[in-house]
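Below is one structure, written out as structure tokens; the observations come after it.
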Amino acid sequence: MDEGSELIQPQDQSFWAALPDVCLRHVFWWLGDRDRSRAALVCKKWNQMMYSADLWRYRTITFSGRPSRVHASEFKSALWYVKKFGRYLECLEIKFLNPYNAVLTKKFQITMRGLLSSLGRSNNRLKKLSIQHLELDRLVWRNSIRNSLIKSLSFFLKKMGKYLVSLSLKGARLTVEQGCQVLNSLSYLRNESTASDLNIEDYFSHHLTVYSSPQFNKTMATFHNLAFLTLNYNCISDELLENLADNNASTLRTMNIKCHIHDPHGQVIWGMSWAKLARQASNLKVNFFFERVMKYERLVRILLQEIPIRSISLRSCYFSDPDWSMRPTLTDLLPTFRHTLQKLTFEFNNNHESLDEELHLLILSCRRLFYFKIWAFLDVKFVERILKSQEEGQCALRTFKVRIYTNRYETNEEDRTLREIHRKYRDLIDSGINYFVITYPML
């Protein structure tokens, strides 16, 4: 060590020693676990900062579903974290990405058993829990492993349910009996759950007619404080809507409903059931997400005029069917909700029909619409027509995103036209529109 560094070192030490706690905490916030552990060895003050509750309130734990030496330590580090800092946790998100085989699912189940057990003993702060995309109906989950995981999760929720405000089990894909067992744990010994945010999208396996299950409706009747509810349309029934109106009318704000082609969605729902819920939950807004459910005959049975719909997403997922036409949906069905619609998202493989005029008129009719996104076969002039209507005050879009499908690899001509349109309406776009338009060869 040279003479200059020896002179500077005491000044550096005094500077770091005098660093305010708020600044030091901010430095620690940006460090990973390994770097935090190393920094905690510097001095007593830094060691104390390591155990600051603010650093450990939010956590995302990701487990890879693929066998790899790189990811081998994930299971041990997750347990280490929960045992050491789990008492500070307020929001926990757990992800298990596409498990490859039964060995990994078994390892995950054992890790989760230890993690949830340790968390249940040390924590009374947890407000938000998210365990998503487990896909427990896949063959890699043997019955014994699946049942053990459900048992551990149910036991944990029985103990921690009184603290939880938000629970997401999206993509668990359980049977009705298993799913209700887990949800009932939230109201253990209290007969009602106080959770305000519940996400059970794809919570049940595909093809299940959950709406006809008395057990599910009885379980949902235990929720008395829901503000946000996300679920599949195969869970919707008159009984469920009745329960929501009776038990959650003063709190319910948002319902997100997904309808997938593989989920049963032929049940009959009375408009009066939706009308009662909308009347009693006066602040309710409903968002629909359709995947490959595109035919007018199906949509018109679901999208009843009594529903206070805020947004609709229609996605064909690149599938094309010459037997269906979007024209009656755009001209007859969706304008029914022109007074409440604020967001529209479309993904059409409409190579067999032109929809430019119908889409333009739909945008003009929905006076509250501020978000419009579409992937479809369109003429590039459609973009100019919308921007011209925006300039004239006929619509008030704040987000305008378009992917124009073409049947050619070369899109130079379309791209040149889009650049000219952008130059022409540059001032309008720069005034505050989230604008994104591209061409996309669809071959």
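The values are calculated or read from the model by the stated rules, or taken from the named source; none is laboratory data. None of the values given here were measured: they were computed from a predicted structure. A quick note on method: Cβ atoms are made from the backbone with ideal geometry, for glycine too, and the neighbour counts reach across all protein chains shown. Surface areas here come from the heavy atoms of the whole protein model, side chains and all, with no ligands, DNA or RNA. Shrake-Rupley method; radii C 1.70, N 1.55, O 1.52, S 1.80 Å.
Things to note:
- Index of the failed condition, Asn225 passing every other in (1) open to solvent by 50 Å² or more (accessible area, probe 1.4 Å); (2) in a helix (DSSP H, G or I); (3) among the polar types (S, T, N, Q): (2)
- The combined condition, being in a strand (DSSP E or B), within 20 Å of Met255 (Cα to Cα) and in contact with a helix residue (DSSP H, G or I) (Cβ under 9 Å, 6 or more places away or on another chain), is not fulfilled by Leu164.
- Checklist (1) farther than 22 Å from Ser168 by Cα; (2) open to solvent by 20 Å² or more (accessible area, probe 1.4 Å); (3) in contact with a Leu (Cβ under 9 Å, 6 or more places away or on another chain); (4) in contact (Cβ under 8 Å) with a residue 12 or more places away in the chain applied to Met49, failing item: (2)
- Flag: Glu392 matches the condition of being under 20 Å from Leu364 (Cβ atoms), surrounded by fewer than 14 Cβ atoms within 10 Å (Cβ to Cβ), over 31 Å from the mean Cα position of the chain (by Cα) and free of Cβ contacts under 8 Å to residues at least 60 places away in the same chain.
- Candidate set: the stretch 206-222, residues that are in contact (Cβ under 8 Å) with a residue 40 or more places away in the chain and open to solvent by 20 Å² or more (accessible area, probe 1.4 Å); chosen: the one nearest to Arg279 (Cα to Cα): Tyr211
- Any chance Gly114 is under 26 Å from Asn199 (Cβ atoms) and open to solvent by less than 20 Å² (accessible area, probe 1.4 Å): no
- Count of the stretch 329-357 residues which are in a loop (DSSP other than H, G, I, E, B) and among the β-branched types (Val, Ile, Thr): 1
- Restricting the search to helices (runs of 4 or more DSSP H) fully inside the stretch 378-443 and requiring at least 3 residues that are closer than 27 Å to His352 by Cα gives 381-391, 412-424.
- Being under 24 Å from Tyr88 (Cβ atoms) and surrounded by 21 or more Cβ atoms within 10 Å (Cβ to Cβ) is a property that Leu164 lacks.
- Residues that are open to solvent by less than 10 Å² (accessible area, probe 1.4 Å) and in a strand (DSSP E or B), drawn from the stretch 289-302: Phe290
- The stretch 257-275, subset of a type in the set (A, V, I, L, M, F, W, C) and not in a helix (DSSP H, G or I), residue nearest to Phe228 (Cα to Cα): Ile257
- Across the stretch 359-376, the number of residues qualifying as open to solvent by 10 Å² or more (accessible area, probe 1.4 Å) and closer than 19 Å to Val437 by Cα comes to 5.
- Residues that are touching a Leu at 6+ places or on another chain (Cβ under 6 Å), of a type outside the set (Ser, Thr, Tyr) and assigned by the TED database to the domain that holds Thr329 are absent from the stretch 405-427 altogether.
- Boolean, Thr345 is at pLDDT 95 or above and either within 18 Å of Cys259 (Cα to Cα) or among the acidic types (Asp, Glu) (or both): yes
- Residue ID - most open to solvent (accessible area, probe 1.4 Å), chosen from residues in the stretch 231-256 that are part of a strand (DSSP E or B) and out of contact with any Ser or Thr (no Cβ under 8 Å at 6 or more places or on another chain): Thr254
- Within the stretch 99-111, the set of residues being open to solvent by less than 60 Å² (accessible area, probe 1.4 Å), in a helix (DSSP H, G or I) and within 16 Å of Glu74 (Cβ to Cβ) comprises Leu104, Thr105, Phe108, Gln109, Thr111.
- Pick from the stretch 117-145, criterion without any contact (Cβ under 8 Å) to a residue 24 or more places away in the chain and not aliphatic (A, V, I, L, M), ranking: most open to solvent (accessible area, probe 1.4 Å): Arg121
- Close pairs from the stretch 347-365: first under 23 Å from Phe319 (Cα atoms), partner in a helix (DSSP H, G or I) and open to solvent by 40 Å² or more (accessible area, probe 1.4 Å), Cβ under 6 Å, at least 6 apart: Glu358/Arg327; Glu358/Thr331
- Those residues of the stretch 392-422 which are of a type in the set (Lys, Arg) and under 15 Å from Lys381 (Cβ atoms), in sequence order: Arg416, Arg419
- Residue within the stretch 276-288 that is part of a loop (DSSP other than H, G, I, E, B), open to solvent by 10 Å² or more (accessible area, probe 1.4 Å) and modelled with pLDDT under 95 present: no
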